[in-house]
Amino acid sequence: MTKQILIVGGGLAGTIIANGLCRQLRSELRCSEVSITMLGTTDKHMYQPGLLYVPFGRIREHELFRDQRSVLHSCVNFFVDPATQIDIENRRVHTQSGMTHSYDYLVIATGSRLRHDAIPGMTEGAHWFYDLEGARKMRDALDAFEGGKVVVNVNAPHKCPVAPLEITFMLREHFKAKGILDKCEITYTYPIGRLHALEPVAHWAKPAFDSQAIKYETFFNTKSVDPAARTITSEEEVTLDYDLLVTIPPHSGAQVIMDSGLGDGGWVPTQKDTLLCGETNNVFVCGDTTDIPISKAGSTAHFEADTIIDNLTSLILEGRMARKYDGKVFCFVETGLDSGTYVWFNYTTPPNPGPPSQMIHWFKLAYNRLYWLSARGLL
Amino acid sequence: MPERKTVDARGAFCPGPLMELIAAIKLVEVGDEVEILSSDKGSAKDIPDWVAKVKHEVVAVEERDDHWSIVVKRMK
């Protein structure tokens, strides 16, 4: 009997897992002992971290995309046919086209989505760069902007935890290069009582903000935006005026997770060490989709994916799990348009960001290209 | 009786217990509770500080062997 592996989601997590399994189970795939099927929502694969550069014209849009089939190993049966119902009890997944896929092993990697619509006025009044349409609009807004009050507003939960700091530093340098910095006042808002969730990063960011005259408002959880009055108000009852509002919108998980009753907010209850869904022994969860209290970031998904590849391979070949996920996360942090640093941590090792340098910025730019090797399971 | 959702944020460096609470409390109904488990001693102060600012209610703060349990009721 062919062991059927079904991967729901064609983003970074699902793609790395599919390609990694193809490498490790090459013989089994060749003699049809194993099959791998992926259900995606689009035939394009996007390098999401590249969106950070779009508002500043520092990356070409075509560099963000590849055809998903060209990124996937040829052994993967890929369908652009989004899952509409995941039935774990009966080991079946139903799709938009009316297909039903059964499985022996399931990987749920449906990711997260922006919910600017969850906050009154945000869709109309704010700019964001977390999707291509938003990043294009923000680019146009920056082109037209000649100075004023800029608010960089961060909401929870959100993916890519350092992106809010990066966009703030990059905005300041953009205004400086444009010659309008003296006409700009930047205010950064954050949901908790410091500038970043990671305490060492917050300690590093505060003097950097102070030295660059970037203002901040902590304990700021957005209640509403008034596009006509150009104000943003928090649940903590603070109101800020703005001329340009850049937001990191709150996120939720995929609708299919909610529709399938798999988890509140679209986040699937996941065991932090095994990455198994709840009490199951054949359903893995990867990337933003998990409810693990850990950063929602591409690197998280990548390191989780590596663990799942090993464990799924081991389960199929040896009937046992291979290893545990140690909670590793690694993030580059752009500290301007030509400098950067990085931070890494896991479940037991706290983060400790080093001093920014141009070299690390170049590494980040190099990774923007090398990503396609990661997605293919080569790096 | 209010429903109570527990979030185990022990050992979480990022986004950390308070961010987990902020995300979780959006998903419960007004009147329901979120219990957050945190091994960060700062949570025993940070979380009540935020709860007071945003006008929710701290139901209980309990120090256990190696972590804190903080229960917050959503009030609005």
Answer yes or no: is there a residue in the stretch B:1-16 that is under 22 Å from residue A:189 (Cβ atoms) and at pLDDT 95 or above.
no
Looking only at residues in the stretch B:53-76 that are in contact with a strand residue (DSSP E or B) (Cβ under 8 Å, 6 or more places away or on another chain) and within 13 Å of another protein chain (Cβ to nearest Cβ), which one is nearest to residue A:193 (Cα to Cα)?
B:56
Pairing a residue in the stretch B:4-26 that is facing chain A (nearest Cβ under 8 Å) and touching a residue at least 12 places away in the same chain (Cβ under 8 Å) with any residue that is aromatic (Phe, Trp, Tyr) and assigned to a loop (DSSP other than H, G, I, E, B), where Cβ atoms lie under 8 Å and the two sit 6 or more apart in sequence or on different chains, gives B:11/A:347
When you look at residue A:13, is it in contact with a strand residue (DSSP E or B) (Cβ under 6 Å, 6 or more places away or on another chain), at negative phi, in the same structural domain as residue A:308 (by TED's automatic domain parsing) and in a helix (DSSP H, G or I), yes or no?
no
Against the definition (away from chain B (no Cβ under 13 Å), hydrophobic (A, V, I, L, M, F, W, C) and either under 30 Å from residue A:173 (Cβ atoms) or surrounded by fewer than 18 Cβ atoms within 10 Å (Cβ to Cβ) (or both)), how does residue A:337 come out, yes or no?
yes
Residues of the stretch A:232-261 satisfying the condition of being within 14 Å of chain B (Cβ to nearest Cβ), out of contact with any helix residue (DSSP H, G or I) (no Cβ under 7 Å at 6 or more places or on another chain) and touching a residue at least 40 places away in the same chain (Cβ under 8 Å):
A:234, A:251
Could you pull out every one of the strands (runs of 3 or more DSSP E) wholly within the stretch A:210-261 that has 2 or more residues that are under 24 Å from the mean Cα position of the chain (by Cα) and at pLDDT 95 or above?
A:222-226, A:244-248, A:251-253
Here is a list of conditions, (1) out of contact with any Gly (no Cβ under 9 Å at 6 or more places or on another chain); (2) surrounded by fewer than 19 Cβ atoms within 10 Å (Cβ to Cβ); (3) among the hydroxyl-bearing types (Ser, Thr, Tyr), and residue A:42 meets all of them except one; can you say which number that is?
(1)
Going by the structure shown, is residue A:119 aliphatic (A, V, I, L, M), closer than 28 Å to residue A:221 by Cα and either buried (at least 17 other Cβ atoms within 10 Å of the Cβ) or in contact (Cβ under 8 Å) with a residue 12 or more places away in the chain (or both)?
yes
Residues that are within 13 Å of another protein chain (Cβ to nearest Cβ), in contact with a Cys (Cβ under 6 Å, 6 or more places away or on another chain), closer than 27 Å to residue B:12 by Cβ and crowded, with 20+ Cβ neighbours inside 10 Å: does the stretch A:276-296 have at least one?
yes
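The values are calculated or read from the model by the stated rules, or taken from the named source; none is laboratory data. The shown structure was predicted, so the numbers you read here are calculated from the model rather than taken from an experiment. Glycine also receives a Cβ, built like all others from the backbone with ideal geometry; neighbour counts cover every protein chain displayed.
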